[in-house]
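Below is one structure; the comments refer to it alone.
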Amino acid sequence: MKYLVSAKDKSANDLLADIESRINNSEEQELENAKKALLAITLKRMDAHPLSDLKKKLTDIFNESGVAGCQLAISSGRGLVQTICLGTKDKNNPVLTSTRFQIASLSKTYASVLTHEFFKKHNLSLSSKVNGLLKQYGSEFRLKGEWGDEVEVQHLMSHTALNMHYVNGVPAQNEMPDIYDFLNGNKKYNYEAVEVINKPGTKFKYSGAGFIVLEYLIELISKKTINELSAYDFTQKANDEDYARGFDDQGNLIECGYKMFPAFAAGMWNSASEVNKFLEQIAIAYNEIEGAEHLSHDTAVQMTYGQDKGCKDFMNALIGHGVFTIEAGENEFLLHQGANDGYRAIYLYCYKGPDKYKGVTILCNGELDGVLLNSYLMQEVLKELNFSGIDYHKFKTDFSTQHLSQEEVVNIGYKSLILEAFLPTLPEKIVERTKLNPRWMDNLLVDAEIMAVSNQRFARAENLISKYEPVFDPSLFGRQGKVMDSWETARHNPVDYDFLRLRLQKSSDVNFISISTKYHDGNQVEYIEILTNGELLLPKTKLDGHALRLVKLERTFYAVSEVEIRVYPDGGLTRLGLYEKVSDPERFKPNSSAKNIRFEEVIPATNKPLGPKLENIRFDAKVLKASDEHYAPAVNVLSPIPPLNMFDGLESKRSRDPDHYEELVIELNSEQKLDSILFDFSFFVNNNPRYLSVWGDDSGEWVELISKFFCKPYAGNKLEIKLPHKLITRRLKFDFFPDGGVNRIKIIGFDLLSQSIVK
């Protein structure tokens with residue numbers, strides 16, 4: 001195997017070979033060393049803190065509850081799963097490591113994996129319209145209403161279209177109805193008809209109906225039952241003592257011991273250890289482009305692409321496809337909770353970050369008391385695993401279930417007792433300061449309280465109201481990209497604007513505003529707007545890069561205590577000042593005549609350590625055209641060396657035209673029969689393109705090889721796309737919508753001369 005873009009220039013070959021060998025060997029060796037170190041640390045921790053010590057704490061918590069039984073699976077690393085069983089209150093069914101519980105809505109994660117893989121196998125898109133598929137495969141059922149025809153398959157998994165918060169159970173002595181019987185309502189089991197209650201994709205509303213429709217749709221297309229299709233067991237009947245029976249909060253056995261539920265929405269039985277192993281497979285598939293057992297890299301990446309749409313109020317988390325994701329500093333977790341009659345379940349599993357492959361699943365056969373039990377057990381396990389990114393002092397020990405519905409207890413309970421202690425992912429804090437801003441003592445925003453911020457992925461909102469002059473280090477890159485002393489939001493905002501809400505230290509009158517975009521040139525916000533008490537303090541105003549704007553308000557705004565800053569559509573804003581008085585009022589002009597005055601200081605060029613070396617290397621491909629190389633040159637994408645950071649790739653500036661896209665054209669040294677293309681976005685965490693397409697030169701005409709593909713979920717990751725059209729060509733064109741960056745592009749094909757696969 002060799003890269004089509006490998007180096008051939010003899011003058012640089014020794015240098016390149018040395019670098020490549022050192023990096024490859026080091027990476028491989030370090031991975032092995034890391035595995036050994038992790039195992040050693042885990043074993044050492046277990047010696048220092050025996051499992052029996054943790055079990056004693058958990059047992060004490062369990063004994064204070066009224067729950068019949070409980071099972072915990074604890075993962076302390078990849079392949080390291082241990083089970084703790086609690087409770088013998090159900091004398092006929094003591095909890096063992098093999099005991100299976102109803103995992104309720106945790107079933108949705110399994111269902112979503114199955115759906116992704118099923119649609120991929122059948123060459124169907126998750127953006128396919130549900131009604132279109134129903135018609136195509138001969139069903140009479142349709143999603144009705146104003147938005148019925150707009151519902152896509154992906155909306156069924158992301159809770160952004162349909163009704164039915166929870167699904168109801170069917171007594172075990174009855175036969176489980178066909179899934180079709182739930183679509184139009186089922187009075188016998190108190191099912192309402194499936195309805196489209198929101199414009200699809202716009203508003204989060206937890207929905208069991210989405211998964212009922214999904215289950216029906218897959219059985220319709222395949223003409224098979226879910227169990228015939230699935231590698232996972234969706235069997236409804238519990239046949240022996242290995243199944244935990246359900247109990248209510250009064251200690252009474254649920255009728256017949258359990259109820260049955262629609263498989264995809266809430267119907268699976270499983271053990272905690274098997275759930276943890278399943279979650280580990282998602283984490284492996286997310287991190288490794290080869291994927292894992294039963295699921296591909298694409299499935300894991302697309303499922304975990306989280307959005308808000310209102311679900312932060314629900315779970316303090318983002319919703320993907322059948323799974324929530326929640327940040328904890330540098331870590332990111334898979335999350336889901338479940339609630340069936342007589343059962344409660346929750347998992348938290350780290351799939352990204354320094355504590356990757358650590359997590360816990362808790363299953364119990366209780367109800368509202370089960371939520372409290374699971375929460376307190378989860379607190380102890382999380383502390384034992386010592387996750388970073390969690391403020392353990394925020395764990396609560398009291399929560400009243402009075403006057404709350406079952407739905408509210410489950411969601412508010414977990415959120416209040418556990419999830420509000422999870423800290424957001426933030427860029428690096430600016431610690432090196434220079435001189436004070438000469439106006440800082442008059443700036444009413446200094447030391448203001450940050451009440452809310454929509455996005456601060458690139459740079460922290462607190463920098464905007466700093467009393468210090470901004471600093472810029474051209475060599476400083478962090479986890480989120482270039483470290484900036486400003487407030488900077490991620491690219492490609494899906495809504496009109498980002499916002500920051502501030503509360504002033506004291507109520508004050510405002511007459512003047514200063515706005516700085518210093519060091520932001522090509523990635524500054526396009527427009528700013530400031531509101532107070534529902535009034536426009538500053539109307540929507542155009543800004544330029546690396547510039548200062550000084551505004552005198554046409555009237556005094558009295559007793560301002562809170563402000564909302566809106567930036568359109570996204571980008572960087574360095575400093576903002578509100579003033580009652582200034583020492584140089586003559587410099588401030590009415591907004592209609594004020595200018596964006598560019599700073600005379602030249603922005604230092606970003607340090608790109610590989611640049612000179614790459615210029616001396618001739619690759620088996622060359623760049624013919626790059627429409628924008630504002631932040632980093634296109635030649636970087638051809639490098640055979642693993643990328644070092646965000647500077648080590650092609651990156652364009654932020655565009656503001658919604659129809660804009662950037663072009664990259666490369667030429668190979670010889671014709672190749674193309675097989676697939678790999679895009680490496682490893683260090684473009686907040687600014688990879690939203691979409692991409694690929695074209696090949698066929699006798700002087702561009703032929704589309706990959707149609708416009710939504711690649712935003714692959715930020716900070718890798719994407720490999722197989723080419724359906726096996727074109728023989730030398731030239732390729734890449735379109736990136738609307739802009740963004742990529743570290744590497746690898747072309748995988750068949751060398752016609754050597755008759756071998758090349759990469």
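Yes or no: Arg100 in contact with a Phe, Trp or Tyr (Cβ under 7 Å, 6 or more places away or on another chain) and open to solvent by 60 Å² or more (accessible area, probe 1.4 Å)? Judged against the criteria, Arg100 is not a match. Comparison of Asp355, Asp341 shows that the only residue that is in contact with a Lys or Arg (Cβ under 7 Å, 6 or more places away or on another chain), open to solvent by 10 Å² or more (accessible area, probe 1.4 Å) and not hydroxyl-bearing (Ser, Thr, Tyr) is Asp341. Residues considered: Ala559, Ala605. Of these, the only one that is within 28 Å of Tyr468 (Cα to Cα), at pLDDT below 95 and among the small types (Gly, Ala, Ser) is Ala605. Tell me which residues, restricted to region 354-374, are of a type outside the set (A, V, I, L, M, F, W, C) and assigned to a helix (DSSP H, G or I). If the condition is that a residue be of a type outside the set (A, V, I, L, M, F, W, C) and assigned to a helix (DSSP H, G or I), then Asp369, Gly370, Asn374 are the ones that fit.
Does Lys718 meet the test of being under 30 Å from Lys121 (Cβ atoms), among the basic types (Lys, Arg) and modelled with pLDDT of 95 or more? For Lys718, the condition - under 30 Å from Lys121 (Cβ atoms), among the basic types (Lys, Arg) and modelled with pLDDT of 95 or more - is met.
Within region 730-738, is even one residue without any contact (Cβ under 8 Å) to a residue 12 or more places away in the chain and either surrounded by 19 or more Cβ atoms within 10 Å (Cβ to Cβ) or farther than 15 Å from Ala621 by Cα (or both)? No. Across region 385-437, the qualifying residues are those that are of a type in the set (Ser, Thr, Tyr) and within 25 Å of the chain's Cα centre (by Cα), and the one among them that is nearest to Arg479 (Cα to Cα) is Thr425. State whether one or more residues within region 230-252 are in a helix (DSSP H, G or I) and within 31 Å of the chain's Cα centre (by Cα). Scanning region 230-252 turns up no residue that is in a helix (DSSP H, G or I) and within 31 Å of the chain's Cα centre (by Cα). Within region 643-667, if we keep just the residues that are out of contact with any Ser or Thr (no Cβ under 8 Å at 6 or more places or on another chain) and closer than 21 Å to Lys622 by Cβ, the residue that is surrounded by the fewest Cβ atoms within 10 Å (Cβ to Cβ) turns out to be Glu667. Filter region 375-424 for residues that are assigned to a loop (DSSP other than H, G, I, E, B), β-branched (Val, Ile, Thr) and closer than 24 Å to Asp53 by Cα and give the result. Thr397, Ile418, listed by residue number.
Using the structure shown, decide if Ile319 is closer than 22 Å to Gly77 by Cα, under 16 Å from the mean Cα position of the chain (by Cα) and surrounded by 18 or more Cβ atoms within 10 Å (Cβ to Cβ). When the stated conditions are applied, Ile319 does not pass them. Can you work out which of the residues in region 253-264 that are of a type outside the set (A, V, I, L, M, F, W, C) and not in a helix (DSSP H, G or I) is surrounded by the most Cβ atoms within 10 Å (Cβ to Cβ)? Top of the filtered list is Pro262. Looking at region 433-543, the strands (runs of 3 or more DSSP E) lying wholly inside it that each contain 1 or more residues that are open to solvent by less than 20 Å² (accessible area, probe 1.4 Å) and within 23 Å of Phe681 (Cβ to Cβ) sit at 498-516.
When the residues of region 218-227 are filtered to those that are closer than 16 Å to Pro177 by Cα and in contact (Cβ under 8 Å) with a residue 40 or more places away in the chain, the one that is least open to solvent (accessible area, probe 1.4 Å) is Ile226.
Here is a yes/no grid of residues against (1) closer than 26 Å to Glu600 by Cα; (2) touching a residue at least 40 places away in the same chain (Cβ under 8 Å):
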position	(1), (2)
Ile513	yes, yes
Lys518	yes, yes
Asn523	yes, yes
Leu531	no, no
Arg549	yes, yes
Arg555	no, no
Val560	no, yes
Glu564	no, yes
Asp570	yes, yes
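Taken over region 559-601, the residue count meeting the criterion of being part of a strand (DSSP E or B), open to solvent by less than 60 Å² (accessible area, probe 1.4 Å), farther than 17 Å from Asn437 by Cβ and not small (Gly, Ala, Ser) is 8. Hey, among the residues in region 265-312 that are within 22 Å of Leu156 (Cβ to Cβ) and among the hydroxyl-bearing types (Ser, Thr, Tyr), which one's most open to solvent (accessible area, probe 1.4 Å)? Among those residues, the one meeting the criterion is Tyr305.
For Ile362, the stated conditions hold: it is buried (at least 18 other Cβ atoms within 10 Å of the Cβ) and farther than 30 Å from Gln480 by Cα. From the list Ala68, Ala111, the one residue that fits, being assigned to a loop (DSSP other than H, G, I, E, B), of a type in the set (A, V, I, L, M, F, W, C) and surrounded by 20 or more Cβ atoms within 10 Å (Cβ to Cβ), is Ala68. Picking from residues in region 167-201 that are among the basic types (Lys, Arg) and under 26 Å from Glu146 (Cβ atoms), the one that is surrounded by the most Cβ atoms within 10 Å (Cβ to Cβ) is Lys199. In the set (1) surrounded by 24 or more Cβ atoms within 10 Å (Cβ to Cβ); (2) within 10 Å of the chain's Cα centre (by Cα); (3) hydrophobic (A, V, I, L, M, F, W, C), the condition left unmet by Leu348 is number (2). Among the candidates Leu504, Leu536, the residue that is without any contact (Cβ under 8 Å) to a residue 12 or more places away in the chain and on the phi < 0 side of the Ramachandran plot is uniquely Leu536. Look at Glu215 and say whether it is of a type outside the set (Val, Ile, Thr) and surrounded by fewer than 21 Cβ atoms within 10 Å (Cβ to Cβ). Spelling it out, it is not the case that Glu215 is of a type outside the set (Val, Ile, Thr) and surrounded by fewer than 21 Cβ atoms within 10 Å (Cβ to Cβ).
Entry remark, region 636-651: residues being part of a loop (DSSP other than H, G, I, E, B) and of a type in the set (Asp, Glu) number 1 in total. Does region 704-719 contain at least one residue that is under 20 Å from Asn645 (Cα atoms) and assigned to a strand (DSSP E or B)? Looking for residues that are under 20 Å from Asn645 (Cα atoms) and assigned to a strand (DSSP E or B), one finds at least one in region 704-719, hence yes. Going by what's in this entry, would Glu535 be described as acidic (Asp, Glu) and out of contact with any Phe, Trp or Tyr (no Cβ under 6 Å at 6 or more places or on another chain)? So Glu535 passes the test.
The values are calculated or read from the model by the stated rules, or taken from the named source; none is laboratory data. None of the values given here were measured: they were computed from a predicted structure. As a convention, Cβ positions derive from the backbone with ideal geometry for all residues, glycine included, and neighbour counts pool all protein chains shown. Surface areas here come from the heavy atoms of the whole protein model, side chains and all, with no ligands, DNA or RNA. Shrake-Rupley method; radii C 1.70, N 1.55, O 1.52, S 1.80 Å.
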